[in-house]
Amino acid sequence: SERLSPLAEKLAPFIFVLFIAGMAYLVYRDLLLAMRSVGFMLVAVGLLAALFTARSISRACRSLHWPVVEATVTRSEVFTQTSTSVGRGQAVSTTMHEHYPAVWYEYTVQGQRYRSKRIIFFRTNYARADAEAVVARYPAGGRVTAYYDPASPKVAVLESGLGANARRYCKGFAVGAIFLLIGLLFAWGVPWVSRLG
């Protein structure tokens, strides 16, 4: 799985603390302004999620017309990320498992060797059985077909187009819409209702 750079990992806790401190101060000074600020941030996240998904869909559709090249799978496995949330008073905890198929492969275009690990253009979590099925299709050492961008051969994908992955792309729009609606509620809905009261 992709990790943050060492510098970003060191700075992330400080940025988070500064953000929380800033929001706490804003809540103390002006609750409605704080709610609007949170709303604007959620709207931004929603728009970014929708734009990222639209970009991924556009690239997936273009990949249907990309040239193909034979590639060699160098590594293939399922990654599992586990997160645990603890309830109030630590009496109840919920553990979530997210599974991601990971396939690394190498290919050569015009004498230049490239490496990629992109299966589809939109990365999302799978059910364990689905992730294992993807990995089984691309065993280590196997020869597979990859589709590469002729304008930028370092960009390649194992599964072109949308195909069976169309529903996965829809998740991006769903997440974006949820953040957008909640953000609009915080930015305009709640302040408007409070003024009526």
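In the neighborhood of ALA49, defined by Cβ-to-Cβ distances under 12 Å, what is the net charge if each Lys or Arg adds +1 and each Asp or Glu adds -1?
Summing Lys/Arg as +1 and Asp/Glu as -1 gives +2.
What FRET efficiency, computed as 1/(1 + (r/R0)^6) with R0 = 45 Å and r the Cβ-Cβ distance, is obtained for GLN112 and LYS10, rounded to the nearest 0.05?
About 0.80, to the nearest 0.05.
As a test question: what accessible area, to the nearest 10 Å², does TRP66 have when a 1.4 Å probe is rolled over all protein chains in place?
Roughly 30 Å² of TRP66 is accessible to a 1.4 Å probe.
Rounded to the nearest 10 Å², what accessible area does TYR126 have for a 1.4 Å probe in the complete protein model?
Accessible area of TYR126: about 20 Å².
If r is the Cβ-Cβ distance from ALA151 to LEU51 and R0 is 22 Å, what FRET efficiency results, to the nearest 0.05?
So the FRET efficiency works out to roughly 0.60.
Rolling a 1.4 angstrom probe over the protein chains, ignoring ligands and nucleic acids, what is the accessible area of CYS170 in square angstrom, nearest 10?
We get 80 Å² for CYS170.
At 7 Å along the Cα-to-beta-carbon direction for both ARG167 and VAL27, put a label point, then send me their distance in nm to one decimal.
In this crude spin-label approximation the distance works out to 3.9 nm.
Can you list the lysines whose alpha carbon is less than 23 Å from that of LYS171, not counting same-chain residues fewer than 8 positions off?
Correct list for LYS171: LYS117.
What length, rounded to one decimal in nm, is gained on full extension from ILE178 through to GLU70, with 0.36 nm per residue of separation minus their alpha-carbon distance?
Fully extending the segment from ILE178 to GLU70 adds 34.9 nm.
The values are calculated or read from the model by the stated rules, or taken from the named source; none is laboratory data. None of these values were measured; they are calculated from a predicted model. Ideal geometry is used to build each Cβ from the backbone, glycine not excepted, and the neighbour counts take in all protein chains shown. For accessibility, only protein heavy atoms count, side chains too; no ligands or nucleic acids. Shrake-Rupley method; radii C 1.70, N 1.55, O 1.52, S 1.80 Å.
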